[in-house]
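Just below is one structure, and these are the notes that go with it.
No value in this document is a laboratory result; all are computed from the given coordinates. The structure presented is a predicted model; accordingly, all values stated were derived computationally and were not measured. Neighbour counts are summed over all protein chains in view; Cβ atoms, including those assigned to glycine, are modelled from backbone coordinates with ideal geometry.
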Amino acid sequence: MDIHRIGIVGAGQMGNGIAHVCALAGYDVVMTDISQDSLDKARAIIDGNLERQVSREKISKADKDTAMGRISSTLKLSDLGDTDLVIEAATERETVKTAIFEDLVPHLKPTTILTSNTSSISITRLASRTDRPEKFMGFHFMNPVPVMQLVELIRGIATDKETFDACLGVVDRLGKTAATAEDFPAFIVNRILMPMINEAVYTLYEGVGNVNSIDQAMKLGTNHPMGPLELADFIGLDTCLAIMNVLHDGLADTKYRPCPLLTKYVEAGWLGRKTNRGFYDYRGDMPVPTR
């Protein structure tokens, strides 16, 4: 199953990062979104990130120019019809993803592989809403995509070996490492990471420590490059809450109960870096803890 042309649904932080690495690896990329502004912004971000790689002598100017030339964009899902692999990287809401697949499937070739970059939603359930569950799997990149080396590959109950092998080949060509995960809530990385972040929020909620002391303790005490609350802001508190809800609903264990303080921040619209306020306030020259 040869893959030459890759379609990417969603031009946000994950989508533009996936487009970046795929184009740099030699794939033709078609990126789609519901907003032309999002597509234009994504292209500018990719250009800037590639330029940063040129300045650090990780790639040549010719590599950058060639990669940018491989990326096209469109507002129409139907334009992904001639792709060999589709990677959905839309909002982490099952209803949104299901609607995308329902609109997309009629335009695809019978051989096209469908994948989702979901960080927690059931691959088997998403696949069941399409006409090709055997050609559907989870393709979960880590953020930021150009920097992080891991990709989780998640088989649904119906995913066939040919599909898995083709996606593994793409990961290898991207120069990344694949970790194979079974289709259970939040897979591997977020099954472990999100409860840690949630416990850090509980530690804040219960007054055991403040934002600074919690992050400093984990950075210096466990050698983490980011504290858990800083990392939550980077990921997006809405995404953290959504994954905790998937874990809590899917595994029915109270240890996955989202912290009420996390819920409160999301209800306030304080979602982290993307809204300039979360556990830190980013509106000034330096981030300032909000608790």
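A few comments on the model shown:
- Just checking the listed ones, Arg173, Arg56, Arg129: in the Gaussian network model of the chain with Cα springs under 10 Å, the one fluctuating most is Arg56.
- Among the listed pairs Lys41/Lys61; Lys64/Lys109; Lys176/Lys264; Lys97/Lys161; Lys41/Lys97, those beyond 28 Å (Cα-Cα): Lys64/Lys109; Lys176/Lys264
- Compared with the direct C-alpha span, the chain from Asp160 to Asp103 gains 18.2 nm at full extension, assuming 0.36 nm per residue.
- Pairwise Cα inverse-distance average, inverted: Kirkwood Rh of the chain (Å): 19.8 Å
- Rg/Rh for the range 1-93 stands at 0.97; both radii use Cα atoms, and Rh follows the Kirkwood definition.
- 3J(HN,Hα) from dihedral phi, the range 198-205, Karplus parametrisation 6.51/-1.76/1.60, rounded to Hz, x for glycine, proline: 4, 5, 5, 5, 4, 4, 5, 4
- Of the GluC sites (Glu not before Pro) found in the range 191-291, those in coil by DSSP whose Cβ has at most 12 other Cβ atoms within 10 Å are Glu206.
- On the basis of the beta-carbon distance and an R0 of 30 Å, Ser128 and Leu150 show a calculated FRET efficiency of 0.65.
- Fully extended contour minus Cα-Cα distance, from Ile34 to Ala62, at 0.36 nm per residue: 7.0 nm
- Whether the range 155-203 is rounded, prolate or oblate, judged on the alpha carbon gyration tensor where a/c under 1.5 counts as rounded: oblate
- About the centre of its Cα atoms, the chain shows a dipole size close to 440 debye [charges on the beta carbon of Lys, Arg (+1) and Asp, Glu (-1) only; nearest 20 debye].
- The label-point distance for Val96 and Val189, in a model that sets each label 7 Å from Cα toward Cβ, rounds to 1.8 nm.
- Förster-model FRET efficiency, 25 Å R0, Thr254 and Leu220, C-beta, rounded to 0.05: 0.20
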